[in-house]
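Everything below concerns the one structure shown next.
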Amino acid sequence: MMFTTPEFFIFLVIVILLIELIRKRLWQQIILLIASYYFYWCSSSIHILLLIFVTLASYLCGWKIWKSETLKRKRIWLAVGTIIPLAVLAYFKYIDFGITQINNVLGFFSPGASIPLLEVLLPVGVSFFTFQALSYVFDIYLGKIEHEGKFYRYALFIAFFPALVAGPIVRASEFLPQLKSKICITGANLQAGVTLIIWGLFKKMVIADNIGKYVDIVYANPSGYPSLYVIAATILFGIQIYCDFSGYANIAIGVGRIFGFKIPENFDMPYFTRNIQIFWRKWHMTLSRFIHDYVYIPLGGNRKGHLRTYVNLFASMVICGFWHGAAWTFVIWGAYHGIMLLLHRYFVGERKWGASLKFLDSNPAVFVKVLITQALVFFGWMIFRANSLSDLMTCVQKIIFFDFQFSGAMKVAVVGGILMVLVCFVLSFNKKIVELVKKIIFFDYMGYFSSQKVQYWVIYIVVFVALILLLAPPETPEFIYFAF
Amino acid sequence: MKVDKLIEKTTESGESKKWKVIVGIAVGIGFSVLLFTGLMFVSGIDDYLQDNKQIVKLYDFYDLNNNGNGTSVYVIGSSQTGNGIYAPKINQILNDSNLDVHVYNLYASSDTPNQRLAELQYIIDNNPSLVVYCISYRDFFNFSAYDASYSDERFKLVHNRIKLHNGSETYFSSQIYEDIVTPTNYSYDIYGGLDSRIANNKPVLDNDTIELQITHHMGYWESIVDVESDNRKAFDYIINTLNNEGIPVIIVNMPIHPYLSESISDESRNNFQKIMDVYGDLYYDYEHQFAEYKYFSDSYHLSYIGTLEFSPIIADIIIQEMS
C-alpha cells in the first residue's frame with residue numbers, strides 16, 4: 001500500500017475515524033498498532049514476521065540493558081541488541097551482494113565455480129525499522145532514555161505506519177514520550193497535516209514521477225545518448241530524488257501531524273547550501289544524525305586525533321552509502337561524499353583557507369559556492385543512479401570526453417541555462433534583490449497555507465489536488481527510498 | 001519550507017475548527033474532482049485510448065533508438081510479455097556475463113501478430129541484435145471479434161507515424177489495414193486516462209479464483225488456433241522478413257496457468273504445434289514452466305514472483321543465442 005494510492009487514503013480515513021471514536025489512550029494506541037501492522041502486511045506481506053521479530057528482540061535487549069547492574073552485562077546485551085537487527089539487515093539486504101563478490105573471487109581462481117544466489121526478496125523499509133530498533137537499544141545503553149514499560153507502545157514506535165517504510169528515522173526519545181498523552185485530532189492539526197500531505201503528493205506524483213520517466217530512459221542505456229543528455233538526466237535525477245523523498249517525508253510528517261505526533265523533518269532546502277558539510281546537515285537529516293550519533297561518535301568522532309577523525313568521517317560516509325543499497329555504486333557514492341567532507345574539513349575547517357578573504361562572504365561569492373557545491377552533489381547523484389559500475393564508467397567518460405552533440409532544442413536550453421546563471425550572478429551584486437530572492441525561496445509556504453482561514457485554504461486544496469489529478473502520470477512508481 | 005514552524009503553530013490550536021476543516025477538505029477534493037472530470041469531458045479524451053497510450057510510447061521508443069548500432073534485444077508480445085519479462089533483471093544477468101547488449105520490453109497490451117506487423121519496418125530500421133517474440137495460443141485464435149474490439153483503436157493514436165514495410169500490405173487483416181489507412185483525429189492526453197490513474201496492483205489469485213476466471217472466459221479460450229488465420233500469416237511474414245534482414249528471432253511460448261493449459265483443446269494445441277514446427281530450433285516452449293499458482297497473477301499473466309523466476313530463463317536463452 002503506497003501513500004499515493006486511493007487504498008491508502010481509504011485506510012487513513014478509517015484509522016482517523018476509529019481513533020476519533022475511541023477516546024481511551026490505550027485502545028487508540030492499540031488501534032494504531034494494528035493499523036500499522038496491517039499497513040506493513042499490505043506492503044510486504046509475510047515479512048511482517050520479520051518486523052515483529054526485530055521489535056521483540058530489540059525490546060528484550062533494551063529491557064536487559066536497563067535491568068543489568070554491571071557494565072559488562074550491559075555491553076553484552078548491547079552487543080546482542082546490535083547484532084540482531086544488523087544481522088537481519090545483512091541477510092535480507094546484503095547476502096546476495098556478498099555471494100556475488102565471493103563468486104567473483106572464486107571465478108578468478110577457478111572458473112565455473114560459484115555459490116548459487118539466495119535471491120532473497122528485500123523487505124520493504126527494513127533499513128528504517130532496524131535503525132529505529134538500534135537507536136532504542138543504544139539510547140538505553142547511553143542512559144538517554146528509560147526502558148519503555150509497555151510493549152505495545154514500543155511496538156508502535158517501531159511500526160508507526162507513516163514513517164515505517166521510508167522514514168524519517170524517528171528516535172525512541174522523540175516518539176515514546178508523545179505516547180504518554182491521548183491522541184486528539186484537532187482542526188489545526190488536521191489542516192496542517194492535510195496541507196503537508198497534498199504538498200508531498202504533488203512533489204512525488206507531479207514532479208518526481210514525470211521527471212523519472214526521462215531519467216529512466218537515459219540511465220537504462222547511457223552509452224546510447226550524447227553527453228548532454230547524461231548531464232541533463234543527472235540534473236533531473238537530483239530533482240527527482242529530492243521531490244520523491246522529501247515528498248514522502250512531507251506525507252509521513254503530515255499523517256503523523258493529523259494524529260498529533262511530531263515526526264522530525266528530513267530536509268531543509270539542501271540544494272541551496274554553500275558547502276558539503278551544510279548539505280549533509282540538511283539532506284536526509286534523520287539519517288545524517290543517526291550516522292553521526294551511532295557511527296561517527298562511537299568510532300571516536302574527533303576525540304582521537306586528526307588522522308582518526310578523518311578515518312572516522314570517511315568510514316561513516318561509506319557506511320551511509322552502503323546503507324542505501326547492496327551495490328558498489330552506493331559504496332562509491334558514500335566514499336565520494338566522505339572524501340569531499342574530509343577535504344572540506346581539512347582546507348576550510350583546519351587550514352582556514354579563505355577565512356581572511358572577506359569577499360568570499362559576499363553574495364556573488366556565496367552564489368558561486370552554492371553552484372560549485374551543488375555541481376559536486378549532482379555529480380554524486382550520477383554515481384548513485386548508475387545501474388552498474390560499467391554504466392557509471394560510461395557516464396563519467398561521457399562527461400570527461402564531452403561529445404558536443406547538441407540538437408536544436410538542446411542548444412537553446414544550454415544557452416538559456418548559461419545566460420540564466422550569468423544573470424543570477426550579476427543580480428547577486430544587488431543586496432535588495434538577494435534579500436527578496438531569499439525571502440521567496442525560504443518563505444514558510446506550508447505554514448502560510450495551513451494558517452489560512454478554512455474558506456481560503458480550500459483554494460489550496462482545489463488547485464493542488466486538481467493539478468495532481470491532471471498532471472500525475474498514470475502509473476505511479478514506488479517511492480525511491482522504498483528500495484532502501 | 002519550515003515544517004517545524006508549522007508544527008509549533010499547529011500544536012497551539014484547539015479543536016474548535018475541526019468540523020470546518022473536515023468540510024473544507026470534502027469541498028476542496030469534491031471541487032478538484034469536478035474540475036478534473038469537467039476538463040476531461042470538455043477535451044473529449046477517450047479513456048480507452050489513454051489506457052492504450054503504450055502504443056505512443058512504443059513509437060517514441062522506435063524514434064529515439066533509431067541508431068542501428070546492433071546492441072539491443074527487443075522483446076515483443078502482448079501484456080503477457082509486459083508482465084512476464086523483467087528487462088532490468090535480464091540486463092543485470094547479461095551485464096554480469098559481459099554481453100554488451102540491452103534488453104527492451106516492447107510489449108503492447110492485447111498485441112497480435114497482425115498489429116505488430118505495422119511496426120516491422122521500425123524494428124528493421126532500429127537493427128536490434130535479436131528479437132524475442134513471446135507468444136501464446138491466443139496469438140493465432142480464429143476469434144476475429146476479439147481482434148476487432150481491441151485493434152480498431154490501436155492505430156488511431158499513431159496513425160500519422162505508421163511506416164509499413166514494403167510488401168506487408170497484403171498480410172494485414174482487412175479490418176486492421178483499414179484502421180491503418182483511415183486518417184483519424186483523436187484527442188490525446190499524454191498523462192493517461194481515468195482508468196489508468198488508478199493503481200493496478202495485481203495480487204496473486206488463488207486457484208479457485210483462477211478456475212472461475214477461466215470458466216467465465218471460456219467462450220474466449222475455447223476459440224481454436226487457426227493455421228490459416230491472418231495472424232499466422234502476419235507472424236510468418238514478420239519472422240521471415242526479420243531473418244532475411246539479418247535480424248535473428250527466437251520465439252517463446254509463454255508460461256500459462258496449469259488450469260488454463262488444461263482448457264486448451266487438443267485441436268488448438270495440435271495446430272499451434274504445427275505452426276511452431278516450422279521454426280524448429282528457434283522455438284522455445286515454456287507453457288508448463290510453472291505449476292504453482294503463486295507464479296501467476298491470473299490465468300494468463302505471471303505474477304511478480306513468476307516474472308522474477310522467468311526472466312533469468314530468458315536471459316540464459318539470450319546469452320546462448322548471442323554467443
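The values are calculated or read from the model by the stated rules, or taken from the named source; none is laboratory data. As the structure is a prediction and not an experimental result, all values here were calculated from the model. Using ideal geometry, Cβ is built from the backbone for each residue, glycine included, and neighbour counts are taken over all protein chains shown. Please note that ligands, DNA and RNA were not included when accessible areas were found on the heavy atoms of the full protein model with its side chains. Shrake-Rupley method; radii C 1.70, N 1.55, O 1.52, S 1.80 Å.
Quick check: the distance between the Cα centres of region A:74-112 and region B:152-174, to the nearest angstrom? After rounding, the separation between the Cα centres reads 54 Å. Take the protein assembly as shown with all the other protein chains still there, run a 1.4 Å probe, and you get 45 Å² of accessible area per residue. For chain A, the relative contact order is 17 percent, taking Cα pairs closer than 8 Å that sit 6 or more residues apart in sequence and dividing their mean separation by the residue count.
The simple Förster model, with R0 at 51 Å and r as the Cβ-Cβ distance, assigns A:F359 and A:F406 a FRET efficiency of 0.90. Under the shape rule built on the C-alpha gyration tensor, where the axes satisfy a ≥ b ≥ c, region A:6-179 is oblate, since a/c reaches at least 1.5 while a/b does not exceed b/c. Both chains summed, the buried accessible area for B and A stands near 4200 Å², from protein heavy atoms and a 1.4 Å probe. Across region A:453-466, computed HN-Hα scalar couplings (Karplus, 6.51 cos²θ - 1.76 cosθ + 1.60, θ = phi - 60°) run 4, 4, 4, 8, 4, 4, 4, 4, 4, 4, 4, 6, 5, 5 Hz from first to last residue, x flagging Gly and Pro. Overall, the anisotropy analysis places region A:115-198 in the oblate class: the square-rooted eigenvalues a ≥ b ≥ c of its C-alpha gyration tensor yield a/c not less than 1.5, with a/b not exceeding b/c.
Residues B:R154, A:R289, A:R73 ordered from highest to lowest accessible area at a 1.4 Å probe: A:R73, A:R289, B:R154.
Rg of the Cα atoms in the protein assembly as shown, relative to 2.2 N^0.38 Å, amounts to 1.03. Under the classification rounded if a/c is under 1.5, otherwise prolate if a/b is larger than b/c and oblate if not, where does chain A fall, given a ≥ b ≥ c as square roots of the Cα gyration tensor eigenvalues? Since a/c stays below 1.5, the shape of chain A is classed as rounded.
Based on DSSP H segments of at least four residues, each scored -39500 (n - 2.57), chain A has a per-residue ellipticity at 222 nm of -21500 deg cm²/dmol.
With loop membership from DSSP and a limit of 11 other Cβ atoms within 10 Å, the longest segment of chain A without GluC sites (Glu not before Pro) is A:120-484.
If I take every Cα pair under 8 Å that is 6 or more residues apart in region A:245-297, average their sequence separation and divide by the length, what percent do I get for the relative contact order? Display every interim value, and only then the final one.
Numbers: 37 pairs, mean separation 13.6, N = 53.
Normalised by residue count, the contact order of region A:245-297 is 26 percent.
With a simple spin-label model that places each label point 7 Å from the Cα along the Cα-to-Cβ direction, the separation between A:F429 and B:E292 comes to 7.2 nm. When the other protein chains are added to the chain by itself, burial of at least 40 square angstrom of heavy-atom accessible area (probe 1.4 Å, ligands and nucleic acids ignored) affects these residues of region A:440-461: A:D444, A:V454, A:V458, A:I461. Of all DSSP beta bridges confined to the protein assembly as shown, the antiparallel ones make up roughly 10%. Nonpolar atom fraction for the protein assembly as shown, defined as the carbon and sulfur part of the 1.4 Å probe accessible area, stands at 64 percent.
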